[in-house]
Amino acid sequence: MDSKNELRRFVEQMAHARRAFCATDVPVRYTPEELLLEYGRTWTWRSLPPKVRLMERKACFFNALKLALKRRELAYVEGYVGYLIPIHHGWLVTPSGAVLDPTLRVESDKRPEYFGVAFHTAWVRQVVREQGYAGVLYSHRVVTDPPERYLRPVAVATAVQAAIDKALDE
């Protein structure tokens, strides 16, 4: 991915394709892609702090949820990561908005780009229990529940939140 807008353009194309080719009889508030376009944002990657280790490959949603349940200050986020190609992905963000990705192995100088929405961890846990697998962006609950039920606001960095980020790095 070459620019921060490439992931957004990818999601716009996906939204158009879903509305054009995936008709449904179920009342839909948002398609997953429309939700990302309405509420999503770009997130800034950073390398993992020493206290956070890489976790199981190909288990991004589970890995992120597991850490979000342990560390309440971290927000569970789903959307797309652009590293080589856009991939539906799950990760965490700190209160200051920095990405903590315990799954993606970054093996070059190229930094991944992230575009997604933060979810309330308790809601994610409930949906994962109901559906029997991790990953909620493409869950039927996203298209039927009101967004205020599941979207988690992530505050702009403050001195306290910056201190939390610093403590994660130590």
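Leaving ligands, DNA and RNA out of it, rank 110, 58, 51 by accessible area with a 1.4 Å probe, largest first. List each step's numbers first, then the result.
Numbers: 110 75, 58 205, 51 135 Å².
Descending order: 58, 51, 110.
In this view, the solvent-accessible surface of residue 96, computed with a 1.4 Å probe and all protein chains in place, comes to about 40 Å². Ellipticity at 222 nm from helices only: DSSP H runs of n ≥ 4 in the chain, each -39500 (n - 2.57), divided by the residue count, give -11500 deg cm²/dmol. Taking all Cα pairs closer than 8 Å and separated by 6 or more residues, the relative contact order of the stretch 86-139 comes to 19 percent. On a per residue basis, the stretch 55-150 carries 45 Å² of accessible surface, using protein heavy atoms and a 1.4 Å probe. Stokes-Einstein diffusion for the stretch 97-151, with the hydrodynamic radius set to the Kirkwood value over Cα pairs and evaluated at 37 °C in a medium of 0.692 mPa s, equals 249 µm²/s.
Please report the net charge: other residues with Cβ closer than 12 Å to the Cβ of residue 29, K and R +1, D and E -1. Display every interim value, and only then the final one.
Details: positive: 141, 149; negative: 34, 38, 145, 148.
Charge balance near residue 29 sits at -2.
Segment residue 12..residue 145, full-extension length gain: 45.7 nm, with 0.36 nm per residue of separation and the alpha-carbon distance subtracted. By accessible area, using a 1.4 Å probe on protein heavy atoms only, the stretch 43-149 has 52% of its surface on carbon and sulfur.
The values are calculated or read from the model by the stated rules, or taken from the named source; none is laboratory data. Every value quoted in this text rests on a predicted model; they were computed, and no experiment measured them. So basically every Cβ, Gly included, is an ideal-geometry build from the backbone, and we count neighbours across all protein chains shown. All accessible areas refer to the heavy atoms of the entire protein, side chains included, with ligands and DNA or RNA removed. Shrake-Rupley method; radii C 1.70, N 1.55, O 1.52, S 1.80 Å.
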